[in-house]
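The numbers here are math on the coordinates, done by the rules we state, and not lab data. This is a predicted model, so every value here is computed, not measured. Backbone-built Cβ (ideal geometry, glycine too); neighbour counts: all protein chains shown.
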Amino acid sequence: MRRAFELARSVLSCAPNPRVGCVIVRDGRRAGEGFHAGAGREHAEIAALAADPDSGAGATVFVTLEPCSHEGRTGPCTRALIEAGVKQLVIAGLDPNPQVSGVGQLEAAGIEVFRFEDFVAEAAELNKGFLLRMNLGRPFVRCKLAMSLDGRTALADGQSKWITGPEARADAQLLRAASCAIVTGVNTILADDPALNVRPDALKGGDRVLAETRLAEAGQPLRVIVDSKLRTPRKAKTLSLPGEVKIFSLWGRDAARFPDSVELISASASQERVDLEFVLNCLATRFECNEILVEAGPILGGALLTAGLIDELVIYMGARLLGSDARPLLEFAGPDSLTQSEALEIVDAGVIGDGLRIVARPAAR
Ligand code: AOF
Ligand code: ZN
């Protein structure tokens, strides 16, 4: 099963589908193995059976997710497993897709199915975005931030290039490549004119291959601008780069003429601003985004935090001090007492380049 997870993780994202790996064990030995590379491509089980066509008969199959039982872009894996003569199946996660009831079908066909309890949490982590989209209709929201050692993100005049070093910026490229959409606010567009695309050249070795594969399979992640009053300039750099741009706005369609790759989406409002839950819901249901990356300033970041919509913060800390006039990490009304402050859990932390990388999640979730 550990090997099956390794295989599943050999792709950064195969959205809208979940990441899945599969290993076939026959006569006590590892036979075929495979993974799902992208929507429309063969499923992990089919790839594993194809890798060693005679390996299925009497075999035990380890798969990180319950096999599908429906006709989607590809045929049902349950049928292939049954026809191959598989004897036992060991799974880690269950598939929340309402069209899928693989376990029941396999058991009805006489295959013994086991759930490997030790890997249930890892299965949930591997496909956290897919699970949130299927169960709650919203994506996993990761918010990337860069700050100084004293927790500031820009000087008072807005200068922020660069607080962190090249290693941190390369790592952030990998976060982009793992995401279905990169979300920013119009203030960031106006202040920084960011590209918001994936650039494999910024990466080295295996990371570069992962990013290149992502681009070849699925193209650039969507680029999303939250822009209540439609202030995005027509000449903004991100609008002219390959890939699609979605601008969520409260202003009308004809307010500006953008390139064809740009779609204006009229959003519902919340206190005269774009309703952020609407944006997330639309990204999940209409664009089938499993994981999204927010790369915005303190206002949009603070609004998402206040609304309880951030699942993970990835904070790059540069070894500099910017002083008390510099801008804060997130803007939101703080709690009245420390006991009311939101408790976060550090899920990962380490040195990157000459700074730190901290990954934190709301403790309650
Ligand atoms: C599996 N093995 O490797 C994956 C599964 O359109 P399709 O045919 O690709 O089906 C997509 C659905 O299949 C997806 O929503 C999820 O329920 C399941 N993914 N199932 O047996 C795999 N990737
Ligand atoms: Zn399948």
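Some notes on this structure:
- For the peptides 139-152, 114-127, the ranking by packing is 139-152, 114-127, with the highest mean count of neighbouring Cβ atoms within 10 Å listed first.
- Taking the stretch 2-126 and dividing mean pair separation by its residue count, relative contact order in percent (alpha carbons under 8 Å, at least six apart): 20
- Near A349, the amide H atoms lying under 5 Å from its own belong to V359; only residues 5 or more places off or on other chains count, and H is placed 1.01 Å from N.
- For D193 and N135, a Förster radius of 35 Å and the Cβ-Cβ distance give a FRET efficiency of 0.40, rounded to the nearest 0.05.
- For the stretch 259-288 versus the stretch 291-337, the gap between their alpha-carbon centres in whole angstrom: 21
- Each Lys and Arg Cβ is given +1 and each Asp and Glu Cβ -1; about its Cα centre, the stretch 2-126 then shows a dipole of about 240 debye.
- Simple Cβ-charge dipole of the stretch 245-340, Lys/Arg +1 and Asp/Glu -1, about Cα centre, in debye nearest 20: 240
- Projecting the Cα atoms of L203, Q159, A191 onto the charge dipole of the stretch 131-214 (Cβ charges, centred on the Cα centre) puts L203 farthest toward the positive pole.
- 3J(HN,Hα) along the stretch 139-155, derived from phi through the Karplus expression 6.51 cos²θ - 1.76 cosθ + 1.60 where θ = phi - 60°, amounts to x, 6, 10, 10, 10, 9, 9, 10, 9, 7, 5, 9, x, 10, 10, 6, 5 Hz, with x in place of Gly and Pro.
- Angle in degrees between helix 276-285 and the longest Cα principal axis of the chain, rounded to the nearest 10: 30
- Comparing V11, V25, V183 in a Gaussian network model of the chain where C-alpha atoms under 10 Å apart are linked, the largest mean-square fluctuation is found at V25.
- Cross-link partners of K87 among lysines, defined as those whose alpha carbon lies under 16 angstrom from its own and excluding same-chain residues fewer than eight positions apart, are absent.
- Only beta bridges with both residues in the chain are counted; by DSSP, about 40 percent of them are antiparallel.
- Centroid-to-centroid, using Cα positions, the stretch 189-214 and the stretch 9-26 are 23 Å apart.
- Non-local Lys pairs in the stretch 129-362, i.e. 8 or more apart or on different chains, that have alpha carbons under 16 Å apart: 4
- Built amide H within the under 5 Å cut-off of V20, gap 5+: H36
- Note: relative contact order over the chain, using C-alpha pairs below 8 Å and six or more positions apart, is 17 percent.
- Taken one residue at a time, the phi angles of the stretch 344-356 give Karplus couplings (6.51, -1.76, 1.60, θ = phi - 60°) of 10, 10, 7, 9, 7, 7, x, 7, 9, x, 9, x, 10 Hz. Gly and Pro are set to x.
- Size of electric dipole in the chain: Cβ of Lys, Arg +1 and of Asp, Glu -1, about Cα centre, debye, nearest 20: 820
- Spin-label model distance (nm) - E112 vs A57, 7 Å beyond Cα toward Cβ: 2.1
- Top positive-direction residue, dipole computed over the stretch 2-126 with Cβ charges, set A80, V61, L49: L49
- Residue-wise HN-Hα coupling along the stretch 88-98, computed from phi with Karplus coefficients 6.51, -1.76, 1.60 (Hz; x: Gly, Pro): 9, 10, 10, 10, 9, x, 9, 8, x, 4, x
- Rounded tilt (10° steps) of 205-218 against the dominant C-alpha axis of the chain: 80
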